[in-house]
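No value in this document is a laboratory result; all are computed from the given coordinates. Bear in mind that the values here come from a model prediction, so they are computed numbers and not experimental data. Cβ: placed from backbone, ideal geometry, glycine included. Neighbour counts: every protein chain shown.
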Amino acid sequence: MSLPSPLRFINILLAGIFWISGCAFFSDPEYPGLPPSKPQFLGDTRGYYDVSGRILFKSPEGKHSGEMLLQISTNSELKLSIFTPLAGSLIYELRANYEKFLILNYQDNNYALEDNNWEVRQSWLGMDLSLTELKWLITGSLPEKTPLWQRKKLSAGELKLLQGSTEIRIILNSDGYIESMSKSRDELLEYSAKIPLYQNIENFYFPRKIQIEDYTGNNRWMMSISEINAVFGSIKNLDFIPPEEMNAL
């Protein structure tokens, strides 16, 4: 399937979605120092993280924010839903696993279904951000083993992961959580991410804010997480069959 100016489409789509949501840049109160105790995350257990909060998208067209519900599994399956804050109507959804990448636009009644690979992610999202990498950022932690990556310790609190011509550099804070992460392919930067603030709620130590910026600096995602829950089981309604009434792009 030929992608019809995907970056322009996603910019316009998100601008419209978030304009409905209020077009307001959000900020969160600073939190005092947090204890270094780590939560009992799901690890390799079958389950997913249920994340709620707000999301901001910055593009050349401007800054736009809205409400989000994000679910990401230990198997790196994703369901990202965006709602209008007042009516609570679902207007946009992204579903993805290792094989498929589905965008549903409920406002314009259309969809895009693609194979999930780095070229598709780069085209539609503006950067090659994989589901596994997003999961690391959502939890703020890197698993003890990364079998698909060659792992090197550069210095105290700094790691390098290698996979062919792809390189990920990670800097950990003093508590061992991700402070920043960047990804390059063929020595060209794909994206850089920062987690400037963590929070601890009921012994869950997780990011409060996540910032992800593409290599051009023109597109930036900011997530403000208000709640995260570990849920055992599978993400509900994570299928890749578009509604019959929607039109393919």
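Values computed for the structure shown
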read-out: Gyration tensor verdict on segment 154-249 (Cα atoms; rounded if a/c is under 1.5, prolate if a/b is larger than b/c, oblate otherwise); value: oblate
read-out: Segment 165-186 versus segment 123-158: alpha-carbon centroid distance in Å; value: 7 Å
read-out: Signed unit charges on C-beta, dipole axis of segment 103-249, positive-most listed residue Pro242, Ser141, Gly157; value: Gly157
